[in-house]
Amino acid sequence: MVEKVFGHKGFYLVAREGGIVCGALPSTHVRSRLFGSRMISQAFSNYGGPLAKSPIVSNALCRYAVELAEKIHYLWGKPNLCIKMGRAAREKALQEYSPEKVYERLMAVYKKAMNLGPLGPNHNS
């Protein structure tokens, strides 16, 4: 809603236990001439902060948000490092997700499905 109405991009840190969501910390990137560029929890609201199943998860989300902010702040002043990291990430993605790699993974899934069949492993009838 905030993104649609005010144009501020929303982001969410999500905590999972065993693949199941157990907490989230919504935040909004707000750009203002008066206050500059900031990430805040729930822009234009009196309420905000993490939504979590326990205080442990809530604290972990907050700690991670602070760590992430520190990393972004560090990189903000190092544009050449950002470019280098971006190039390295692009190269890795091109290698990991080349058409050949995607084909190999897809064929492995098909082979596994064929071996399992509808009645279990190696059932041929």
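Quick notes on this one:
- 3J(HN,Hα) from dihedral phi, the range 4-18, Karplus parametrisation 6.51/-1.76/1.60, rounded to Hz, x for glycine, proline: 5, 7, 9, x, 8, 6, x, 9, 9, 8, 10, 9, 10, 10, x
- Each of R31 and E91 was given a label point 7 Å from its Cα along the Cα-to-Cβ line. The distance between the two points is 3.1 nm.
- In terms of surrounding Cβ atoms within a 10 Å radius of their Cβ, H29, H8, H73 rank from fewest to most as H73, H29, H8.
- For the range 1-72, the residue among M39, V5, I20 whose Cα projects farthest onto the positive side of the dipole built from Cβ charges is V5.
- Computing FRET efficiency as 1/(1 + (r/R0)^6) for L81 and M114, where r is the C-beta to C-beta distance and R0 is 35 Å, gives about 0.15.
- In the range 14-85, Cα pairs under 8 Å separated by at least six residues give a relative contact order of 24 percent.
- Unsatisfied cross-links (Cα-Cα over 28 Å) in the set K4/K92; K53/K111; K71/K92; K53/K84: K4/K92; K53/K111; K53/K84
- Stretching L106 away from H73 to a fully extended chain increases their span by 7.9 nm, per 0.36 nm per residue minus the current alpha-carbon distance.
- Taking θ as phi - 60° and the Karplus parameters 6.51, -1.76 and 1.60, the scalar couplings of the range 27-32 work out to 8, 10, 8, 10, 10, 9 Hz in sequence order, x denoting glycine and proline.
- Among R38, R31, sorting on how many other beta-carbon atoms sit within 10 Å of each Cβ, with the fewest leading, yields R31, R38.
- Value of relative contact order over the chain, rounded to a whole percent, pairs C-alpha under 8 Å and six or more apart: 13
- At full extension, R16 and I40 could sit 6.5 nm farther apart than now, given 0.36 nm per residue minus the alpha carbon distance.
Any read-out appearing in this document is the output of simple, stated calculations on the displayed coordinates, not a laboratory observation. This one's a predicted model, so the numbers in the text were calculated from it and none came from an experiment. Cβ atoms come from the backbone with ideal geometry, glycine included; neighbour counts cover every protein chain shown.
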